[in-house]
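Each remark here refers to the structure printed beneath this line.
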Amino acid sequence: MKKEVNVLGDGRTLPREYAVLEQLTDSILVVDADSNIVLVNKAALSKWSYRLDQLIGKSICSVVEYPESYQGFAIGQLVGSTVHLLLHQGNGVSCKVVMSVSKLLLEGQCQYLLVAKYCYPSELPTNSTISPYHRKLLDRGTLDVLQSRTRPPAAAELPLATDLRVAIQQHQLQLYYQPQVNVITGRICGVEALCRWFHNDYGMIAPDKFIALAESVGMITELDLWVLGCACRQLAQWRAKGVDIPAVAINLSSVNLTIEHLPELIMQVLRDNGLTTSDLVVEITESGFVEKDVTVKNVINRLFTSGIKLSVDDFGVGYSNLSRLQHLPAMQLKLDRSLIEHIDSNDVAKSVSVAALLIGKSMQLQVVAEGVESAEQCRILQQIGFPVVQGYFFAAPLSVHQLEQWLDSHSNGMVDVQHL
């Protein structure tokens, strides 16, 4: 039996998560258990030629047509899948749409989220760029690649990897940026660059899925270098426009620590964009720092001696112990979000966070708390003494334009942290 996936959590977190979906996806519908449409975003209205009053309260059955293999509107059986539907547009035109189905639980009521990422004419042109493999999946009606599993099935891995390589080479990936805020001064002290992939057929693919895929097929170096170059170019463009962003952080897979000339590659990208080592933070998961391989140790030490700022990402969930921490060549610790999640309701979580901060301070490291989602969490972290926080409380990961708007709305990055 197919496992149901509740990707959006509950009513407490839905407003934030819906806002994120609104900015990252093309079209969103929410349907109740009786198949009536209860929520529509603007993208769906404009793309599908419907008015709001034409859709709200209307049965989804009258808007889309399921393949014959599905009897009626058994949407509960499609949770966790991506399906191929026929959309009856309000202007009388029909289009095919690739749409994912996820389950929502709001105040005990079961609803369903339908996210459409790709629409195309019901009759594809002969020179369509959709691959035969993807066309077969579309014609079959379901795409199993994005089921809840650690890795895609073997049969789907190589075609998806090919698509990822094309996406990297043709700059189809996008970087979003999440601000990091100093909760003492209220000033933005940097942004973290986060990669997003919107696949034409599958829609938004979760970063952990395509990053794991890139690592498994030997493409992670190409992906990480693309992120590095794109982030540095963007920071240089912001500097040229007078946008005040002190530094940009990127995530580096520990797989790339086996590349002996990695420090030279990073330094060259910085020089090409007129940047210095003070403009970049390289985040490496804690497991990468404790790798026993001699080459990895040498690369990490050379990154550090080159002046490249290293950050221990996801600190506190894996290999943490005091003896290792003494030898980490880093300037920053990023406390894992799992330790922040319950800091406002669990004394143990709070105590662990305090201990992590003290450890970081004793080593003269900047400590960053990520995953901050509420004013109460931020207030507690501020009281404990955390200097820098990152999370949805201040901003979701934002596109370039959205980040610039966010900066403008906060007096060029100054956030009110005095009234938490």
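The values are calculated or read from the model by the stated rules, or taken from the named source; none is laboratory data. Everything quoted here is computed from the prediction, not taken from an experiment. Cβ coordinates were reconstructed from backbone atoms using ideal geometry, including for glycine residues, and neighbour counts include every protein chain displayed. Keep in mind that these areas ignore ligands, DNA and RNA; they rest on the heavy atoms of the full protein, side chains included. Shrake-Rupley method; radii C 1.70, N 1.55, O 1.52, S 1.80 Å.
Sketch the reach of a paramagnetic label on Arg379 as a point 7 Å from Cα along Cα-to-Cβ, and name the residues of the stretch 176-201 whose backbone nitrogen lies under 20 Å away. Residues passing the 20 Å test: 181-187. The heavy atoms of Phe304 offer some 100 square angstrom of accessible surface to a 1.4 angstrom probe. For Gly391, the residues 5 or more places off, or on other chains, whose built amide H falls under 5 Å of its own are Gly371, Val372. Spacing of the modelled spin labels on Val294 and Met363, each 7 Å from Cα toward Cβ, amounts to 2.5 nm.
Between Arg51 and Ser278, the simple spin-label model (points 7 angstrom out along Cα→Cβ) gives 5.9 nm.
Under the combined filter of DSSP loop state and at most 16 neighbouring Cβ atoms within 10 Å, the stretch 246-286 retains these GluC sites (Glu not before Pro): Glu260.
Put a dot 7 Å past the Cα of Arg271, heading toward its Cβ, do the same for Gln77, and the two dots end up 6.3 nm apart. For the set Asp313, Asp408, solvent exposure ranked by accessible area (probe 1.4 Å, protein chains only) runs largest to smallest as Asp408, Asp313. Oblate is the label for the stretch 351-400, because a/c, from the alpha-carbon gyration tensor with a ≥ b ≥ c as root eigenvalues, is 1.5 or above and a/b does not exceed b/c. Subtracting the Cα-Cα distance of Ala33 and Thr305 from 0.36 nm times their residue separation leaves 92.0 nm of extension gain.
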